[in-house]
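What follows is calculated from the coordinates using simple rules that are stated; it is not laboratory data. Everything numeric in this text was worked out from a predicted model, so none of it was measured. Quick reminder, even Gly has a Cβ in these numbers, built from the backbone with ideal geometry, and neighbours come from all protein chains shown.
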Amino acid sequence: MQVQRQILEATSRRVVIELPESFINHRVEIIALTLDEAGSAPSLPRRRPHPDIAGKSKTLGDIVAPVCLAHAE
């Protein structure tokens, strides 16, 4: 697979790109993405623990494994 990336300024609804000779007689996929992120939702700030409790906990096991109710009794 060959890749060619171009960043262009779209001034109308039509954009013309020139492909390398190696693309001739091949099927190509064209993907158009906007790079301006002005309209996107603002990202949430990263959460931090309160300074009184930060760094005072220990992970004692697998935090991904489910808790089994049989062991809780």
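Set the Förster distance to 30 Å, then compute FRET efficiency between GLU18 and ARG48 from the Cβ-Cβ distance, nearest 0.05. With a Förster radius of 30 Å, E is 0.05. For VAL15, VAL3, VAL28, the sequence from fewest to most other C-beta atoms within 10 Å is VAL3, VAL28, VAL15.
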